[in-house]
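Heads up, the thing below is written out as structure tokens.
The values are calculated or read from the model by the stated rules, or taken from the named source; none is laboratory data. Model, not experiment: these values are computed from the prediction. Quick reminder, even Gly has a Cβ in these numbers, built from the backbone with ideal geometry, and neighbours come from all protein chains shown. Side chains included, ligands, DNA and RNA excluded: accessible areas come from the protein's heavy atoms. Shrake-Rupley method; radii C 1.70, N 1.55, O 1.52, S 1.80 Å.
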Amino acid sequence: MVQTVMTGLRSMAARCLLSAAFFILSPAALLAQDDTNHNLEVGKNLEIFNALYKELDLMYVDTLDASKVVTVAIDAMLQSLDPYTEYYPEERQKDLRTMLTGKYAGIGALIRYHQKQKRCVIDEPYEGMPAAEAGLRKGDVILQIDDSLMTDRNTSYVSSHLRGDAGTSFLLKFLRPSTGKTHTVKITRRAIKMPEITWYGMRPGGIGYICLNTFTGEPSKAMRLAYLDLKKRGATKLILDLRGNGGGSVSECVDILSMWLPMNTKIVETRGKLRRANSEYITRYEPVDTVMPLVVLVNGETASASEITSGTLQDLKRGIVVGSHTFGKGLVQIPNIDLPFNANLKLTTSRYYLPSGRGIKMKEGITPDVEIKPDTMSNITLYLDRLDSTEVLFDYVAEYIAKHSSVGDAETFHITDADYADFKQRVIAAGFTYDQMSKKRYDELVRIATFEGYYDDAREEFEALKAKIDHHDVSRDMDVHRDEIKRLIEQEIISAYHYQAGQLLIGLRTDKVIAEAERILSTDGEYSRILRREK
């Protein structure tokens, strides 16, 4: 039996090798000698890989899981190429569809693992989605999905049970800590998709503002409607916020740019090894407005189609770019090359080139016309937001929501001084601690000073500094970073009432990038001066 299986494996491997060799070698007659040598090298290495796997399968101490071992080998090979060429075996086809469409079927809520309760809890329901419609709130503890207990399960396990085919229903049993009551609700899964536009509206001075979240789906339709609405409301200038927008469809990007550029304007071209990978994208509709001043906001998470949008407007002098350097994703993928046994390959085939001929370089991206360094979050705020094992912020927000049926408009919402004092006391009582960056830097300095022979001469000064650093005063730090922590609390609270749009509006109140964009658009001659400036 073993011999039969081995013979079958070897036969299959031989057929695969012959097939690969045929694919590689058949065009060799049309290529130069260098290409022939390349093909021979490929064939040689494929044969080595095939022989190596046969020996492993025959002699390795444990039985190999072929799917696992080969998938690891494939993934390692692809990772040596670029970050975007990916292999999707049959069991990951749902991940591929989600990546391509931006949609999945579920309840529409972020979940997280609560460190103290050791349970998965609801973190943030999405507006208009099944979780919000069923009345789920931040802090609700997920106990059971149908007959399956979710206690002592990680987020991946719980999430996989919350997802499923659109239209299917299940019973969700959860505990609401603020009341101590257990509830059971029936939820029907739906296709979940984040809104293309997080929020749009008017800013002071006749400035319209649109925050575009993605180029996946059909954002060009939503953008056109939002833009026309802003013009009706008196917008004479526009800020397009692409910060955090990871891209999506290039066609949607072109259709959005069609609103501001003449028809038949070249937006971007792709160039690859094969002729069929080369293409040009041009605008195909009559524009809505070719003169309104445009400022595009970008940051390090602005990527792909977002970089094409900002870079094209910059190249064609149709808008200016403000913020920090973008991500740098200038590579083009074919997203679904069919492979045997229902597998797929997302393959990088070419590079993007903007109208000026420049590419979008990795780790450099688009250089803004006006560079604004992003704000950095203090260490204590970072720990309260993401790394606090006491979950004090999460629990405080959940209790606040339970006590307040409404909080008013996001633009005007603030917690009181008494609220902040209450939160501060909870943080101290919870025994909250965090790693101080200064302590790490001090330890590093001591090692260097000792190595170079300076430490003994300055021992007294080092010890005095250490005494100050070791005095870990959380209360003092919360006073120093009060405004930043207060804003974090407000954003967490407002998301329960006004969702992602509310979080954005609170952030805009102290956003130095949008402040600079508004200054440029409101200062006579400033926009034109920057637009004409040669980079």
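Return a yes/no flag: does segment 472-485 have any residue that is open to solvent by less than 80 Å² (accessible area, probe 1.4 Å) and free of Cβ contacts under 8 Å to residues at least 24 places away in the same chain. Yes: one or more hits. The number of residues in segment 367-387 being in a loop (DSSP other than H, G, I, E, B), within 22 Å of the chain's Cα centre (by Cα) and of a type outside the set (A, V, I, L, M, F, W, C) comes to 7. The set of residues in segment 349-365 that are touching a residue at least 60 places away in the same chain (Cβ under 8 Å), more than 25 Å from residue 264 (Cβ to Cβ) and not in a strand (DSSP E or B) contains only 365. Given the criteria modelled with pLDDT of 50 or more, in a loop (DSSP other than H, G, I, E, B), closer than 29 Å to residue 92 by Cβ and open to solvent by less than 90 Å² (accessible area, probe 1.4 Å), does residue 46 qualify? It is false that residue 46 is modelled with pLDDT of 50 or more, in a loop (DSSP other than H, G, I, E, B), closer than 29 Å to residue 92 by Cβ and open to solvent by less than 90 Å² (accessible area, probe 1.4 Å).
Note on segment 464-481: residues that are part of a helix (DSSP H, G or I) and modelled with pLDDT of 85 or more total 7. Consider residue 489 carefully, then state whether it is in contact (Cβ under 8 Å) with a residue 24 or more places away in the chain, part of a helix (DSSP H, G or I) and among the β-branched types (Val, Ile, Thr). Yes. The set of residues in segment 104-148 that are more than 23 Å from residue 392 (Cβ to Cβ) and either assigned to a loop (DSSP other than H, G, I, E, B) or in contact with a His (Cβ under 9 Å, 6 or more places away or on another chain) (or both) comprises 107, 108, 126, 127, 128, 129, 134, 135, 145, 146, 147, 148.
Selection of segment 152-171 for residues being assigned to a helix (DSSP H, G or I), free of Cβ contacts under 8 Å to residues at least 24 places away in the same chain and small (Gly, Ala, Ser) yields 156, 160. On the stretch given as segment 181-230, residues that are open to solvent by 50 Å² or more (accessible area, probe 1.4 Å), of a type in the set (Ser, Thr, Tyr) and more than 24 Å from the chain's Cα centre (by Cα) total 3. Screening 528, 522 for residues that are of a type in the set (S, T, N, Q), surrounded by 11 or more Cβ atoms within 10 Å (Cβ to Cβ) and touching a Gly at 6+ places or on another chain (Cβ under 6 Å) leaves exactly one candidate, 522.
Restricting segment 327-385 to residues that are among the small types (Gly, Ala, Ser) and loosely packed, with under 14 Cβ neighbours inside 10 Å, the residue that is farthest from residue 93 (Cα to Cα) is 356. The set of residues from segment 511-535 being in a loop (DSSP other than H, G, I, E, B) and either touching a Cys at 6+ places or on another chain (Cβ under 8 Å) or at pLDDT 95 or above (or both) comprises 511, 523, 524, 525. If only residues of segment 270-292 that are of a type outside the set (Val, Ile, Thr) and surrounded by 18 or more Cβ atoms within 10 Å (Cβ to Cβ) are counted, the one that is nearest to residue 504 (Cα to Cα) is 292. Close Cβ contacts (under 6 Å, 6 or more residues apart or on different chains) running from residues in segment 225-239 that are in contact (Cβ under 8 Å) with a residue 60 or more places away in the chain and under 20 Å from residue 527 (Cα atoms) to residues that are open to solvent by 10 Å² or more (accessible area, probe 1.4 Å) and hydrophobic (A, V, I, L, M, F, W, C) comprise 237/521. Of all residue pairs spaced 6 or more apart or on separate chains, those with beta-carbon atoms under 6 Å, a first member in segment 38-63 that is farther than 19 Å from residue 74 by Cβ and a second member that is open to solvent by less than 100 Å² (accessible area, probe 1.4 Å) are 39/24; 39/25; 39/28. On the given criteria, is residue 146 open to solvent by 60 Å² or more (accessible area, probe 1.4 Å) and either over 24 Å from the mean Cα position of the chain (by Cα) or on the phi > 0 side of the Ramachandran plot (or both)? In short, yes. Here residue 457 passes the criteria (1) part of a helix (DSSP H, G or I); (2) more than 34 Å from the chain's Cα centre (by Cα); (3) surrounded by 11 or more Cβ atoms within 10 Å (Cβ to Cβ) except the one numbered (3).
From the list 394, 413, the one residue that fits, being closer than 27 Å to residue 122 by Cβ, open to solvent by less than 40 Å² (accessible area, probe 1.4 Å) and in contact with a helix residue (DSSP H, G or I) (Cβ under 6 Å, 6 or more places away or on another chain), is 413.
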